[in-house]
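Undergrad: A single structure is presented below for examination.
The values are calculated or read from the model by the stated rules, or taken from the named source; none is laboratory data. Because the structure is predicted, anything quoted here is derived from the model rather than measured. Positions of Cβ are backbone-derived with ideal geometry, glycine not excepted, and every protein chain shown enters the neighbour counts. Only protein heavy atoms, including side chains, enter the accessible area calculation; ligands, DNA and RNA are left aside. Shrake-Rupley method; radii C 1.70, N 1.55, O 1.52, S 1.80 Å.
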Amino acid sequence: MGIIAKPIGVLLGLIYSLVGNYGFALIIFTVIVRICLYPLYAKQIQSTAKMSEVQPKLMAIQNKYKDDKEKMNEKLMEFYKEENYNPMRGCLPMLVQMPIIFGVFALLRNPMLYMSNTDMLLAVHESFFWIKDLSQPDLWILPIAAGITTYISYVQMQAQQAAVGPQAQQAAGMMKIMKYVFPITIVVMGRSFPAGLTIYWFIGTFVQILFNIRLKKIRMNLVANKGKTKNKKK
């Protein structure tokens, strides 16, 4: 994780030198990361809208070739190419986000390995509001706050998946379970993680909730515009 943790350490150091407070530096860093990821989330929404459009044709291919998996995969690949649709596109935000989370985790657990700036080595131990040391766990407030924002984000994602189609609704069924399990897991893990890392998760999911509200409007506009296009063709 050093490849990711070291650049993060440099960026955090730069932000810290501007604001002079490690807690606020973490918050600003998190917002910057989420804003950089926003185009990927927008692409994910476009992919979701596209999925609702191609779902009937997709299911028709799967039903037609259900007894011939090789042929079905071949036809699906042809269909994806014709429709310019990539089913993996919706996973991009998480694939990009996970290395960053691991990098932040590695940085905050072992700051001396990834930070050469002496001021930053001391900064990770600063207090922030009720937190006496950001390198140590906060046992209640931050983990619970992170769990709540994670739950809200999952509810939003579940509603988004349910609006797509039958297959996505099956995935949404799994998310019904995960929307309880994952937030509880975040609360438990947050009580052992450095408070700085829990701040990153809490602020990140809070920003994601705001993004989801905005992206929901974008998705609704995309669906409405496609509906108008179909009516004009008729």
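Undergrad: What pairs come out if I take residues in region 196-215 that are closer than 24 Å to LYS132 by Cβ and pair them with residues that are open to solvent by 30 Å² or more (accessible area, probe 1.4 Å) and part of a helix (DSSP H, G or I) whose C-beta lies under 6 Å away, six or more apart or interchain?
TA: LEU197/PHE105; ILE203/ILE27
Undergrad: Okay, moving on. Among (1) touching a strand residue (DSSP E or B) at 6+ places or on another chain (Cβ under 6 Å); (2) of a type outside the set (Val, Ile, Thr); (3) at pLDDT below 80, which single condition is ALA168 missing?
TA: Looking at each condition in turn, ALA168 falls short on (1).
Undergrad: Starting from region 57-85, take each residue that is loosely packed, with under 12 Cβ neighbours inside 10 Å and list its partners that are of a type outside the set (Val, Ile, Thr) and modelled with pLDDT of 80 or more, counting only C-beta distances under 8 angstrom and pairs at least six apart or across chains.
TA: So the pair list comes out as LYS66/MET72.
Undergrad: For GLY90, which of the numbered conditions (1) of a type in the set (Gly, Ala, Ser); (2) under 15 Å from the mean Cα position of the chain (by Cα); (3) at pLDDT 80 or above fails to hold?
TA: (3)
Undergrad: Now for a different question. Do we find a residue being at pLDDT below 85 and either closer than 17 Å to GLN208 by Cα or surrounded by 14 or more Cβ atoms within 10 Å (Cβ to Cβ) (or both) anywhere in region 126-144?
TA: So in region 126-144, the residues at pLDDT below 85 come out as none.
No, region 126-144 contains no residue that is at pLDDT below 85 and either closer than 17 Å to GLN208 by Cα or surrounded by 14 or more Cβ atoms within 10 Å (Cβ to Cβ) (or both).
Residue-by-condition table, conditions (1) in contact with a strand residue (DSSP E or B) (Cβ under 7 Å, 6 or more places away or on another chain); (2) part of a loop (DSSP other than H, G, I, E, B); (3) basic (Lys, Arg); (4) modelled with pLDDT under 90:
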| position | (1), (2), (3), (4) |
| --- | --- |
| MET157 | no, no, no, yes |
| VAL164 | no, yes, no, yes |
| MET174 | no, no, no, yes |
| MET189 | no, no, no, no |
| PHE193 | no, yes, no, yes |
| THR198 | no, no, no, no |
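Undergrad: Okay, moving on. Looking only at residues in region 9-25 that are among the aliphatic types (A, V, I, L, M) and within 17 Å of ALA195 (Cα to Cα), which one is surrounded by the most Cβ atoms within 10 Å (Cβ to Cβ)? Spell out the reasoning first.
TA: The first filter runs over region 9-25 and keeps only residues among the aliphatic types (A, V, I, L, M), leaving 10-12, 14-15, 18-19, 25.
Still in the list and also within 17 Å of ALA195 (Cα to Cα): 12, 25.
Numbers: LEU12: 26, ALA25: 23.
Out of the qualifying residues, it is LEU12.
Undergrad: Residues of region 2-34 being modelled with pLDDT under 90 and over 17 Å from GLU126 (Cβ atoms), which ones?
TA: Within region 2-34, GLY2, ILE3, ILE4, ALA5, LYS6, PRO7, ILE8, VAL10, LEU11, VAL33, ARG34 meet the criteria.
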